[in-house]
Amino acid sequence: MFRSNNVFNIKTCLFFLLVFILAGCNQEPDRIPFPKQESTYAFPKTTPLHLTEPKPLHWQVHRADSLKSPVVKDLKIDKIPASPIDFGNFIDLPT
């Protein structure tokens, strides 16, 4: 008896679902009229693009002996900690 009641409920739910789907699909939405010329803002105007006269580039060329050499620092991979940083455990610094 429990099984047949359960099947009846499923069939009833499927029937109402089918009715709602068919009723929703058969309704055609009304067309909303789009205003043709009504606007609170002015329409943008098209203007042609005019480029300025090209200017030559003047590069500053430096001699190689006038440049400072970069600072080189040693990176020791052995000194990097192997454990990841734990941001969850906050340790208060002494004041």
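The values are calculated or read from the model by the stated rules, or taken from the named source; none is laboratory data. Here the structure is a predicted model, which means the values were calculated and not measured. Ideal geometry is used to build each Cβ from the backbone, glycine not excepted, and the neighbour counts take in all protein chains shown.
Overview of values
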{"read-out": "Residue match in the stretch 65-72 (condition: loosely packed, with under 10 Cβ neighbours inside 10 Å and not in a loop (DSSP other than H, G, I, E, B))", "value": "yes"}
{"read-out": "Filter pass, Glu38 being modelled with pLDDT under 90 and surrounded by fewer than 10 Cβ atoms within 10 Å (Cβ to Cβ)", "value": "yes"}
{"read-out": "Flag if Phe8 is surrounded by 10 or more Cβ atoms within 10 Å (Cβ to Cβ) and either of a type in the set (A, V, I, L, M, F, W, C) or modelled with pLDDT of 75 or more (or both)", "value": "yes"}
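For every residue, the table says whether it meets (1) modelled with pLDDT under 80; (2) part of a helix (DSSP H, G or I); (3) touching a Pro at 6+ places or on another chain (Cβ under 8 Å).
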{"site": "Ser4", "(1), (2), (3)": "yes, yes, no"}
{"site": "Cys13", "(1), (2), (3)": "no, yes, no"}
{"site": "Glu28", "(1), (2), (3)": "yes, no, no"}
{"site": "Ile32", "(1), (2), (3)": "yes, no, no"}
